[in-house]
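For reference, the structure discussed in these notes is given below.
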Amino acid sequence: MTFDTDVRSLRGVGDARARQLEKLGLRTAGDLIQWYPRAYEDRRQICLLKDAPADMPVCIRAVTAGAPKAVHIRRGMDLCKVRIVDESGGCEVTFFNQSYVRNALKENHTYIFFGRVEGSAGRRTMTNPVFEEESASGQVTRCIVPVYRCTAGLSSLQLGRLIRDALDRVQLPPDPLPDRLRQKYRLAHNGFALETIHRPPSYEELATARRRLIFEELFFLSAGLSALKRRRVLLPGPKMTERDFAPFYDALPFAPTGAQRRVIEQAAADMVSGYPMNRLIQGDVGSGKTVAAAGCVWLAAQNGFQSALMAPTEILARQHYETLAPLLEKLGLRCVLLTGTLRAGERRAVLEALALGDAALVIGTHALLTADVTFRNPGLVITDEQHRFGVAQRNTLAEKGVRPHVLVLSATPIPRTLALLLYGELDVSILDELPPGRKPVATYLVNESKRQRLYGFAEKQMEAGRQVFVVCPAVEESEDLKNVTDYAKTLQKQVFPHRRVALLHGKMKDKGAVMAAFAAGESDLLVCTTVVEVGVDVPNASLMIVENAERFGLSQLHQLRGRVGRGTHESYCVLVSDHGNPETKARLQAFCSTNDGFAIAEEDLKLRGPGDFFGSRQHGLPELRIADLAGDVRLLQEAREAAEDLLAEDPTLSRPENRHTKERIETLFRDSGERFN
Ligand code: ADP
Ligand code: MG
């Protein structure tokens with residue numbers, strides 16, 4: 001039997017079972033063997049009945065004191081009872097609807113039972129334990145039991161049996177990782193890893209096996225992505241030459257952080273390489289990504305190239321314009337703003353400046369993508385907060401230039417591993433240093449009973465001259481919209497009659513004006529939906545109140561919190577939630593205790609899976625069988641390094657010894673529409 005043998009050749013697999021397996025995508029013996037457990041249960045502890053803990057299942061070595069008795073309760077409800085004893089006492093075991101037990105359990109015979117022992121000496125019970133004969137080799141008791149993702153009609157236990165059967169009978173293919181690589185990264189052999197992942201004798205050996213299999217998976221993934229990247233690198237990009245950044249740094253109103261300098265240098269190295277840059281700058285809210293982008297714009301302009309900066313909303317585009325225009329002007333460069341609300345004449349002037357090459361930078365929303373926008377000499381395309389854009393949009397924009405350099409700014413923040421994978425074909429720079437003087441935002445979780453105190457606190461902030469955000473969950477329905485509107489009215493009339501309360505929601509036409517007025521200090525309190533979530537900068541705002549906080553994801557809350565604490569003032573974020581669910585509460589409380597965006601994103605990833613971030617399927621990435629995106633960073637780095645080394649030696653993977661690797665990559669990316677020639 002080989003990896004390719006059909007599952008029907010396994011013991012007990014007929015058409016019905018094969019259909020169930022097909023639902024999980026399992027067609028061959030190899031598929032089964034590579035169906036790695038999603039968890040393990042430690043069933044190694046053997047206890048005496050009298051010592052069994054009440055809250056944890058354990059193994060009991062006991063003798064059946066009599067024959068199992070079947071009891072028919074009613075239709076669809078059968079019981080089977082048997083008394084078992086060990087040297088410390090007895091226990092009544094009940095099986096519900098497991099009629100096979102009657103014949104499976106012999107009288108006066110020693111078995112190992114695994115389950116929870118309830119009650120105390122007088123009346124101990126066990127319900128539906130799994131069991132096997134003491135002489136059995138230990139597949140479901142006295143061992144570490146794998147837990148498999150399964151499907152209706154096919155339990156983890158049954159799946160485990162099939163997998164073990166396949167393992168025993170299949171002739172494993174040669175190790176897909178070359179010896180040299182296994183030695184360099186101290187990786188276990190293929191055969192050991194597959195055997196151990198399904199039948200781990202200990203957690204130590206399991207760790208060794210997992211490490212090897214995760215590495216393998218990430219290695220092939222990285223190699224595939226890397227091959228894609230190399231293919232792109234065969235195309236020429238806008239040719240630029242190096243410049244001394246001193247004039248740019250001197251024009252900044254502050255000294256750049258070390259991280260900003262480093263990231264600008266990394267991007268600049270791409271831009272002078274002769275190949276198109278494809279770089280993601282990832283940095284927590286407030287880390288100063290705009291400056292890094294401006295550095296690239298400046299470099300492009302020094303080389304006679306124009307840049308475009310796309311923001312997800314008009315508010316953000318305007319805000320970028322307001323910071324970047326004066327900075328660039330100081331450097332002798334013209335910056336224009338192109339949004340959907342421009343009057344015809346204004347629009348014409350902007351388009352002309354672009355077509356003639358007078359403008360070094362155009363900032364806008366997706367309006368930038370319309371057909372009538374032409375550049376004289378486009379060289380750099382930047383998208384801010386890219387998660388709001390589809391990949392398609394990014395590509396359309398990229399196509400506007402002659403393969404321009406592409407820079408993506410993101411504060412999502414995506415966990416490192418996910419960033420590396422999703423943007424595997426992108427280079428990643430991380431801004432891991434906040435500008436000096438930033439204080440963490442003190443965050444609190446309160447319920448309705450504290451509302452008056454909260455309003456009192458908001459009043460104090462405004463009295464001190466600060467401004468306040470009140471965010472309500474953004475919902476499309478008109479009813480909720482009315483809620484925001486009504487809420488703003490109530491706050492204005494009944495709570496803060498002497499303060500200027502403004503309202504901002506997604507359906508409003510003049511969002512930019514409202515936001516600009518708030519930023520300029522013309523209102524004190526802004527009631528809004530999540531339109532403010534991304535990037536908006538109001539350094540004077542010191543309090544962020546989030547209503548119905550339970551309705552937000554943690555990363556989203558982090559984005560919201562990032563709207564305050566941008567100036568020098570002590571800042572606060574208050575989550576209001578009356579949600580009773582203890583898990584929700586714990587989640588929000590965890591959020592209150594950290595300001596670390598990456599930690600929060602990783603928590604989010606664990607809770608909701610990677611799909612919520614970008615939808616990895618959309619990126620055509622293969623699904624991972626074993627690598628855990630929330631962890632495994634070190635290993636991913638090693639795997640990437642190994643893949644890079646391999647491709648540096650044999651870029652087209654055409655050497656005979658790399659044939660297997662090439663095949664693996666092709667299979668892996670079969671569904672992504674990519675081709676490796
Ligand atoms: P984000 O990474 O969230 O886009 P921004 O680029 O909007 O961050 O920067 C956040 C704030 O920090 C802005 O007000 C900006 O002027 C300020 N800032 C950026 N870099 C520095 C720095 N090196 N020193 C001081 N302030 C800075
Ligand atoms: Mg920003």
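Using only the alpha-carbon atoms, how far is helix 391-400 inclined from the longest principal axis of the chain? Give it as 0 to 90 degrees, nearest 10.
That works out to roughly 40 degrees.
Near the amide H of L409, under 5 Å away, which other amide H atoms are found, from residues 5 or more places off or on another chain, if H is placed in the peptide plane?
For L409, the qualifying residues are I281, T383, D384, E385, Q386.
Please work out how much length the chain gains when fully extended from R343 to L157, using 0.36 nm per residue of separation minus the C-alpha to C-alpha distance, in nm with one decimal.
Numbers: separation 186, 0.36 × 186 = 66.96 nm, distance 6.78 nm.
Between R343 and L157, full extension yields an extra 60.2 nm.
Can you figure out the FRET efficiency of D179 with E87, using R₀ = 56 Å and their beta-carbon distance, to the nearest 0.05? Let's see the in-between values first.
Details: r = 52 Å, r/R0 = 0.93.
So the FRET efficiency works out to roughly 0.60.
Rounded to the nearest 0.05, what FRET efficiency do H72 and D596 have when you use their Cβ-Cβ distance and R0 = 51 Å?
Details: r = 59 Å, r/R0 = 1.16.
Calculated value: 0.30.
Express in nm, to one decimal, how much length is gained between K489 and A251 on full extension, taking 0.36 nm for each residue of separation and deducting their alpha carbon distance.
Using 0.36 nm per residue and subtracting the Cα-Cα distance, I get 81.3 nm.
Taking the Cα centre of the chain as the origin and placing charges on Cβ (Lys, Arg +1; Asp, Glu -1), which of A513, Y100, G295 is farthest toward the positive end of the dipole?
In the chain, that residue is Y100.
Can you work out the Karplus-derived ³J(HN,Hα) for every residue in the range 589-602? Use 6.51 cos²θ - 1.76 cosθ + 1.60 with θ = phi - 60°, whole Hz, and x for glycine or proline.
5, 4, 4, 4, 8, 9, 10, 8, x, 5, 4, 5, 5, 5
Quick check: pseudo-label points 7 Å beyond the Cα along Cα→Cβ at E666 and V130, how many nm apart are they?
Going from the E666 label point to the V130 one covers 4.0 nm.
Label E204 and D432 with points 7 Å out from Cα along Cα→Cβ: what is the distance between them in nm?
3.2
DSSP loop trypsin sites (Lys or Arg not before Pro) in the range 58-127 with at most 14 other Cβ atoms within 10 Å of their Cβ, which ones?
On the way: sites: R61, K69, R74, R75, K81, R83, R102, K106, R116, R123, R124; in loops: R75, K106, R116, R124.
Hits after loop and neighbour filter: R75, K106.
Under a Cβ-only charge scheme (Lys and Arg +1, Asp and Glu -1), can you give me the dipole magnitude of the chain about the Cα centre, in debye to the nearest 20?
Details: 89 positive and 84 negative charges, 200 e Å.
Computed about the Cα centre, the dipole is about 960 debye.
Given H placed on each backbone N at 1.01 Å, which residues far from R44 in sequence or on other chains put an amide H within less than 5 Å of it?
The answer is C143.
Can you give me the angle between helix 344-356 and the longest principal axis of the chain, using Cα atoms only, in degrees from 0 to 90, rounded to the nearest 10?
80
Using amide H atoms built 1.01 Å from N in the peptide plane, name the residues 5+ places from R376, or on other chains, whose amide H lies under 5 Å from its own.
The answer is G357.
Counting only protein heavy atoms and using a 1.4 Å probe, what share of the accessible area of the chain belongs to carbon plus sulfur, as a whole percent? Walk me through the intermediate numbers first.
On the way: 15400 of 31190 Å².
Solvent-exposed carbon and sulfur of the chain make up 49 percent of the total.
At a Förster distance of 45 Å, what's the computed FRET efficiency of N548 paired with N108, Cβ-Cβ distance as r, to 0.05? Working shown, then result.
Working: r = 63 Å, r/R0 = 1.40.
In this case the efficiency is close to 0.10.
With a probe of 1.4 Å, find how much accessible area the range 150-196 has per residue, and write the answer as a whole number in Å².
Solvent-accessible surface per residue comes out at 50 Å².
Could you pull the accessible area for H366 with a 1.4 Å probe, rounded to 10 Å²?
100
At what distance in nm do the modelled label points of R169 and E463 sit from each other, each positioned 7 Å from its Cα along Cα→Cβ?
Inter-label distance under the simple model: 8.1 nm.
How many Å² of accessible area per residue for the range 442-594, probe 1.4 Å? Numbers along the way, then the final one.
Working: 6790 Å² over 153 residues.
With the other protein chains kept in place, the range 442-594 gives 44 Å² per residue.
I need the phi-derived Karplus couplings for the range 316-321: 6.51 cos²θ - 1.76 cosθ + 1.60, θ = phi - 60°, integer Hz, Gly and Pro marked x.
5, 4, 4, 4, 4, 4
If you add up the charges near K585, with Lys and Arg at +1 and Asp and Glu at -1, over every other residue whose beta carbon is less than 12 angstrom from its beta carbon, what do you get? Working shown, then result.
Values: positive: R587; negative: E550, D578, E583.
Value of the local net charge: -2.
On a full-extension model of 0.36 nm per residue, what is the gain between E329 and A16, subtracting their alpha-carbon distance, rounded to one decimal in nm?
On the way: separation 313, 0.36 × 313 = 112.68 nm, distance 7.18 nm.
Taking 0.36 nm per residue and subtracting the Cα distance, the gain is 105.5 nm.
State in Å² the accessible area per residue of the range 28-145; use a 1.4 Å probe, count heavy atoms of protein chains only, and round to the nearest integer. Present the calculation step by step, with values, prior to reporting the outcome.
Numbers: 6110 Å² over 118 residues.
Accessible surface, normalised per residue, equals 52 Å².
Taking the range 79-163, which GluC sites (Glu not before Pro) meet the DSSP loop condition and have no more than 12 other C-beta atoms within 10 Å?
Details: sites: E87, E92, E107, E118, E132, E133, E134; in loops: E87, E107, E134.
Sites meeting the loop and neighbour criteria: E87, E107.
The values are calculated or read from the model by the stated rules, or taken from the named source; none is laboratory data. If you're wondering where the values come from, they're calculated on a predicted model, not measured in any experiment. Every residue, glycine as well, gets a Cβ built from its backbone with ideal geometry; the counts of neighbours run over all protein chains shown. When the accessible area is computed, the model is the full protein with side chains, heavy atoms only, and any ligands, DNA or RNA have been set aside. Shrake-Rupley method; radii C 1.70, N 1.55, O 1.52, S 1.80 Å.
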